[in-house]
């Protein structure tokens with residue numbers, strides 16, 4: 001069940017109270033957005049042909065195609081992120097989640113933070129900006145959140161019953177998800193949402209004749225220390241804006257991450273949601 005009401009969802013205070021934010025205006029200048037959309041079409045085709053993976057799995061694309069930093073570090077995007085985590089911002093990761101028509105996989109209910117335990121010394125100032133490349137709505141599997149769930153503890157997970165139809169192989173047990181508080185985050189292209197690392201969220205499969213693609217970009221306050229946890233030493237983070245407060249080491253936002261690419265080619269890429 002979805003709630004049509006989204007009171008004050010454009011106000012940054014809504015993010016802290018309910019765990020998500022829906023900025024009202026277009027995110028990128030329109031020529032910049034059109035460049036991103038065109039570039040995605042080319043890169044996604046190249047990536048899929050090279051690595052033989054589903055379109056939902058186009059993860060960490062900036063490690064493969066550093067020209068994407070133009071968008072991940074764009075001032076218009078960082079301005080929005082700054083409203084919820086402050087002016088000193090690190091770039092953690094990115095992910096094109098592209099659901100093809102008719103066969104797009106569902107994203108099971110999950111909390112990002114459950115995959116990120118041990119990676120940061122705190123999780124309250126880690127957020128995801130979800131930028132719509134295509135129109136995203138209830139029919140083609142838009143992002144859904146359980147409003148207010150970021151204030152709860154970690155949920156309990158179980159294996160999904162339909163692994164071939166799901167982006168992840170685990171999901172929150174149904175008893176831990178109150179769908180009375182579910183909100184569909186329908187977005188037009190070049191609009192975005194932001195959500196807290198601890199909020200429960202997911203999306204339905206895409207059975208419609210329309211593609212649904214979005215770019216998830218994950219940022220953290222540089223007052224958090226990046227610990228690495230299960231990530232290998234060659235996973236890279238980047239200083240996006242401001243200065244560091246926690247003694248983190250950042251890579252330069254240029255060049256491919258060849259060590260990561262070699263791992264993907266060898267079939268050793270980390271499973272999960274980074």
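Please treat every number below as a calculation from the coordinates, not as lab data. Here the structure is a predicted model, which is why all the values come from computation and not from measurement. Glycine gets a Cβ as well: all are built from the backbone with ideal geometry, and neighbour counts include every protein chain shown.
So residue 16 fits all but one of (1) surrounded by fewer than 19 Cβ atoms within 10 Å (Cβ to Cβ); (2) touching a helix residue (DSSP H, G or I) at 6+ places or on another chain (Cβ under 7 Å); (3) in contact (Cβ under 8 Å) with a residue 40 or more places away in the chain; what number is the exception?
Single failed check for residue 16: (2).
Confirm whether residue 226 is more than 24 Å from residue 37 (Cα to Cα), surrounded by fewer than 15 Cβ atoms within 10 Å (Cβ to Cβ) and in contact (Cβ under 8 Å) with a residue 24 or more places away in the chain.
no
If we keep just the residues of the range 160-185 that are free of Cβ contacts under 8 Å to residues at least 60 places away in the same chain and touching a strand residue (DSSP E or B) at 6+ places or on another chain (Cβ under 6 Å), which is farthest from residue 122 (Cα to Cα)?
Result: 160.
Against the condition closer than 25 Å to residue 72 by Cα and touching a strand residue (DSSP E or B) at 6+ places or on another chain (Cβ under 6 Å), how does residue 95 come out, does it pass?
yes
Quick one: is residue 205 free of Cβ contacts under 8 Å to residues at least 40 places away in the same chain, surrounded by 14 or more Cβ atoms within 10 Å (Cβ to Cβ) and either in contact with a strand residue (DSSP E or B) (Cβ under 7 Å, 6 or more places away or on another chain) or under 15 Å from residue 144 (Cα atoms) (or both)?
Here the answer is no, as residue 205 does not meet what is asked.
Look at residue 23 and say whether it is in a loop (DSSP other than H, G, I, E, B), more than 26 Å from residue 138 (Cβ to Cβ) and touching a residue at least 24 places away in the same chain (Cβ under 8 Å).
In short, no.
Looking for something part of a helix (DSSP H, G or I), out of contact with any helix residue (DSSP H, G or I) (no Cβ under 7 Å at 6 or more places or on another chain) and in contact (Cβ under 8 Å) with a residue 24 or more places away in the chain - is there at least one such residue anywhere in the range 40-51?
Yes, the range 40-51 has at least one match.
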